[in-house]
1. Can you work out which of the residues in the range B:124-143 that are within 15 Å of A:Thr88 (Cβ to Cβ) and aliphatic (A, V, I, L, M) is surrounded by the most Cβ atoms within 10 Å (Cβ to Cβ)?
2. Based on what the data block shows, is A:Arg118 in a helix (DSSP H, G or I), in contact with a helix residue (DSSP H, G or I) (Cβ under 9 Å, 6 or more places away or on another chain) and either closer than 25 Å to A:Arg154 by Cα or within 12 Å of another protein chain (Cβ to nearest Cβ) (or both)?
3. Which residue out of A:Asp243, A:Asp166 is surrounded by 16 or more Cβ atoms within 10 Å (Cβ to Cβ) and without any contact (Cβ under 8 Å) to a residue 24 or more places away in the chain?
4. Take the residues in the range A:319-339 that are part of a strand (DSSP E or B) and in contact with a Phe, Trp or Tyr (Cβ under 9 Å, 6 or more places away or on another chain), then tell me which one is farthest from A:Val252 (Cα to Cα).
5. Report the residue count in the range A:186-207 for those that are crowded, with 22+ Cβ neighbours inside 10 Å and closer than 28 Å to A:Glu337 by Cα.
6. Against the conditions (1) in a helix (DSSP H, G or I); (2) hydrophobic (A, V, I, L, M, F, W, C); (3) on the phi > 0 side of the Ramachandran plot, where does B:Phe98 fall short? Just the number, please.
7. Tell me which residues, restricted to the range A:1-15, are at pLDDT 95 or above and either over 22 Å from the mean Cα position of the chain (by Cα) or over 19 Å from A:Ala162 (Cβ atoms) (or both).
8. Specify which of the listed residues (A:Glu101, A:Glu124) is charged (D, E, K, R) and surrounded by fewer than 16 Cβ atoms within 10 Å (Cβ to Cβ).
Amino acid sequence: MSHHEHPLIVVKDLVHCYNSTRVLDVPHLSFCRGKIYALLGPNGSGKTTLLNIMGLLLRPTSGMVLYEDTDLLSNPGLMKDVRTRMTTVLQNPILFDMSVENNVAYGLKIRGIPREERNRIVRECLAMVKLDGFQERRARELSGGEAQRVAIARALAVKPQALFLDEYTANVDEKSIEVLDEVVVRIRRSSDTTVFLVTHDTRQAHRLADEVISLFAGKVVRSTMENLFRGTMARINGLSVFDTGRIKMEVVADKQGQAHAAINPRDILVSLQPLSTSARNSFRGTITEVLSEGAAVRLSVDAGEVFKVLMTRASFQEMKLDVGTMVYITFKSTAVEVL
Amino acid sequence: MDYLLDGIATALQLIVTLDAEVTHCTLVSLQVSAIAILLASLVGLPCSFLIGMYDFHGKKTVITLFNTLMAIPTVVIGLFVFSFISRQGPLGVLGLLFTPAAMVIGQFLLATPIVVALSYAAIQGIDPRVKMTALTLGARSHQVIITLLLEARFAIIAAVIAGFGRVIGEVGSAMMLGGNIRGYTRTISTAIALETSKGEFSLGLALGMILLTVALSVNIALRYLQHKSK
């Protein structure tokens, strides 16, 4: 096994409860050095809980967090040491009430790094987040996006083995999102840091991460978490039907009552006329948005609920689709993952 | 009216010419109160941190106690300390009564609750993310405390200044514990009480002006820091 394939962090039989409600239940996950992992899921899926447990900010109700093969939870001495080798950028991070320079240098001062080297690292890290020359500015007077970038620079300065980023582009302006995504890509290229990012943005997760881990109701699921709908399951004429309140779709599942359903955008076909296939679900809708995604095109189709659909650029052009075009979307009942 | 104007004129003269009596009272006042507030900060600030950072049984009661002590009359503190250090008291053998040290003890007890209660409030006001962030960046417990202290620095200095403001002008405990001995334990405030009752109006007025100036400076500093900490 090469250095890079050896896992940095492994979690085993992890369970976490809030007021006796099980909010996280992860039997096994393993994370390799130098990779980017995205923890994806809707609100309350347990992604931040998992992040904080791995970032040693939260003690799980039970289970193990192995760091380089040693369980940290039963080894407080090692845990203290490992804490200095990882860092978390909180969702909505706060900067200390001091200059930008002192903020970025904070972790370096704690580690006793000499002044000249500290200044050099601060300069580098500020350049990385495109805030060159911001050293003397008062941190609390920065805009939201700038503050977020300083928080990331502050985390990068300590050269962590593991970097945990919780929704780092929430509440941030477009320009900062671009800069920050670029920073994440750059970390991947230029360092050995393992990055964990929590997000509910599927596109961001797939764009940046080597591996996407989808969480739902505290469990790891195989779903892509796209086209995620809330509704109820019912049996109608012997068939399983998922009802969102606006539309009903046929599914293959035994679950009853409240449920969520997700459909991979790749599993949805778009056509100008109704398709005569064995696929059980077909809806008429209007294209409301068109986004280019490399060789593919991502459409939003409003068919009672808004569906995201991924199709090739070739067929998109062939069918002369555009915003406002009326189309049919079709998918099999097996394409619907009931969660 | 002449009486008042003459008084003010003489008072100003006493201040400008650095009258021995006036200077001495001022120095004693500043010295005693400065030592008292220093001790109160050394004890009070760590106390407020312990109360602020840890959850323990009876925490609310402790906070209520300090808040109540903030308003305790100075003569009550005087009486309390007196009962300990008077000749018959348990600490009588130390011979502390009617010394500056006794006044320091009294003022220390007056200032500490203010320092504790106000800096506790300042620490409570710190965003909980500050502590969390310090931990994520590898800070150990003592480094976390320093970070929090820096974060609340303006409000904490304001707490110390408020404590100083409480003791610099108090009469009750200084009179009871210091005994108002001329050239030894006579402070500005005890001197004003004495001189005015003796009819030495202008001396009292001169001392009053000095006390007012000190109080004003303290308040200006306080206002400035409170504004800054927002």
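1. If we filter the range B:124-143 for residues that are within 15 Å of A:Thr88 (Cβ to Cβ), which is where we start, we get B:128-139.
From the residues that got through so far, the ones that are aliphatic (A, V, I, L, M) too are B:130, B:132, B:134-135, B:137, B:139.
Values: B:Val130: 19, B:Met132: 17, B:Ala134: 23, B:Leu135: 20, B:Leu137: 27, B:Ala139: 21.
So the residue we want is B:Leu137.
2. Details: in a helix (DSSP H, G or I): yes; in contact with a helix residue (DSSP H, G or I) (Cβ under 9 Å, 6 or more places away or on another chain): yes; either closer than 25 Å to A:Arg154 by Cα or within 12 Å of another protein chain (Cβ to nearest Cβ) (or both): yes.
Yes, satisfied.
3. Values: A:Asp166 fails: without any contact (Cβ under 8 Å) to a residue 24 or more places away in the chain.
Of the residues listed, the single one that is surrounded by 16 or more Cβ atoms within 10 Å (Cβ to Cβ) and without any contact (Cβ under 8 Å) to a residue 24 or more places away in the chain is A:Asp243.
4. Filtering the range A:319-339 for residues part of a strand (DSSP E or B) gives A:326-331, A:336-338.
Narrowing the set further to residues that are in contact with a Phe, Trp or Tyr (Cβ under 9 Å, 6 or more places away or on another chain) leaves A:328-331, A:336, A:338.
Numbers: A:Tyr328: 22, A:Ile329: 19, A:Thr330: 16, A:Phe331: 12, A:Val336: 8, A:Val338: 8 Å.
Result: A:Tyr328.
5. Total meeting the criteria: 5.
6. Of everything listed in (1) in a helix (DSSP H, G or I); (2) hydrophobic (A, V, I, L, M, F, W, C); (3) on the phi > 0 side of the Ramachandran plot, B:Phe98 misses just condition (1).
7. The answer is A:Asp13, A:Val15.
8. Working: A:Glu101 fails: surrounded by fewer than 16 Cβ atoms within 10 Å (Cβ to Cβ).
Exactly one of A:Glu101, A:Glu124 is charged (D, E, K, R) and surrounded by fewer than 16 Cβ atoms within 10 Å (Cβ to Cβ), namely A:Glu124.
The values are calculated or read from the model by the stated rules, or taken from the named source; none is laboratory data. All of these numbers come straight from a predicted model, not from anything done at the bench. Quick reminder, even Gly has a Cβ in these numbers, built from the backbone with ideal geometry, and neighbours come from all protein chains shown.
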